[in-house]
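J.: Pasting a structure here, questions to come.
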Amino acid sequence: MPPSVDAPPDLSGLLELSRIENLDLKPVILRVQTDLFVRAAARDRTEIEIFESLACGLIPTVDEETARVVARKLAPCPETPPAVLEALALRGGEARDAVVELAPTLSHRLIEAALAEGSDIAARIAARAGLSREAVDELSREGRPEIDRALAANLGHTLRGAALARLVNRGRGAPDLARLLLVRPDVSAADLVPLYLHADPIRRTVIGRAVEATAALRPCPPAPRGLGETLTGLSAARDVPAFMAALADGLGLPRDFLTVVADASARYDLLTLGLRAAGLHEEEAVYIFLTLNQGVARSAERVADLVRLFRTVSRPASRDLIAAILDRPLAERGRGEAHQPLHGPEAKLRQGAERVAAQRPSLPVRARAAGGGEPA
């Protein structure tokens, strides 16, 4: 009985023919069968399986030019079997590049195949539009700056979940990555809090509002007693090491906490948040701005910016900002500070004394002899 005209062609003999010694028909067979597959008006499951078997057998054996031509034809075709695209990606070179550029979607296995011979193309994959959530998550695990920047700059996918958290975490110490994340429209202000110091004034305002909204929901521990007077005295003496030690101890932070910020201007912004979090009054903070670092004190514009920051962020919000920037919580009480009850006769007497002290802060009248260095 003759075969039905609707039956798929039996191509199994072509692969055997291609293996005849001194007769290299493999490139021709692969190109012809690729054209037939791509141009077919419809393909049933059997035809797809036959083509997959043929193509996967020939792709590793053909020359680079044939692989490139075939890849550029097959990659955009939605019905190309995934195994065929993976075989082309495994070849590397221009065939791999064509698959990465033209494939409608990049599956986890396809990305693995493309990266098999090295990750030189990883950043290009990260820049692709339409990446799946799984692909973004996988690429974000690489931890390579160029991949991180490509993912952050790529608006063709949504950044969220663990992938976003990884990029934001690395953005703390990478200003270029932080700036790319800060301008993404799909990332909420609440997710960008750790990048506050890298943000422009408008974005800082938006982030600050998000922090204020959550900080107001929690009780804020009392400010360390007498810390303002201690800090102003040390600032007057320009004893920077002792000043930083006292501030860090009052906040329950490492004494080198400012060093996590490379930029000198942002470092002083972090210092300002620290003063606010420590419960200093505005007059005390201004005095420190004018005495601790002469470079800052000589710039009226810079001092005004610092005062504006001090005024616009509440103490609870400044604590939360510092915790997010440093990726560590602040202590509820400073080191060595005794617990003080919030109620009872002793508490009322203490609170009354604190209100009087707040109205008339004790400030040094002039700087003593210069000593120590200045915060950069």
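The values are calculated or read from the model by the stated rules, or taken from the named source; none is laboratory data. Everything numeric here is computed off the predicted structure, so don't read it as measured data. Glycine gets a Cβ as well: all are built from the backbone with ideal geometry, and neighbour counts include every protein chain shown. Ligands, DNA and RNA are stripped out before the accessible areas are found, and what is left, the full protein with its side chains, is counted by its heavy atoms. Shrake-Rupley method; radii C 1.70, N 1.55, O 1.52, S 1.80 Å.
J.: Please report how far the C-alpha centroid of the range 258-286 lies from that of the range 20-69, rounded to the nearest whole angstrom.
T.: Going from one Cα centre to the other spans 66 Å.
J.: Roughly how many nanometres apart are two label points built 7 Å out from the Cα toward the Cβ at GLU65 and VAL183?
T.: In this crude spin-label approximation the distance works out to 4.3 nm.
J.: Now for a separate question. From the square roots a ≥ b ≥ c of the eigenvalues of the alpha-carbon gyration tensor of the range 120-187, which class results: rounded (a/c under 1.5), prolate (a/b over b/c), or oblate?
T.: Since a/c stays below 1.5, the shape of the range 120-187 is classed as rounded.
J.: Hey, quick one: spin label on ALA304, modelled 7 Å out along Cα-Cβ, who in the range 195-230 has an amide N within reach, i.e. under 17 Å?
T.: 201-202
J.: Taking R0 as 45 Å, what's the FRET efficiency between ASN169 and LEU25 from their Cβ-Cβ distance, rounded to 0.05?
T.: 0.25
J.: Express the carbon and sulfur contribution to the solvent-accessible surface of the range 228-305 as a percent, rounded to the nearest whole number, probe 1.4 angstrom.
T.: Carbon plus sulfur share of accessible area: 52 percent.
J.: Here's another thing I want to ask about it. How far apart, in nm, are the 7 Å Cα→Cβ label points at ASP263 and GLU112?
T.: Distance between the two pseudo-spin positions: 4.0 nm.
J.: What list of ³J(HN,Hα) couplings, whole Hz, do you get for the range 295-310 from phi and the Karplus terms 6.51, -1.76, 1.60, once you set θ to phi - 60° and write x for glycine and proline?
T.: x, 5, 4, 6, 9, 4, 5, 5, 4, 4, 5, 5, 5, 4, 4, 4
J.: Moving on to the next point. Compute the distribution of all C-alpha to C-alpha distances in the range 10-117, in bins of 10 Å from 0, and list the percent of pairs in each, rounded to whole numbers.
T.: Percent of Cα pairs in each bin: 15, 50, 30, 5.
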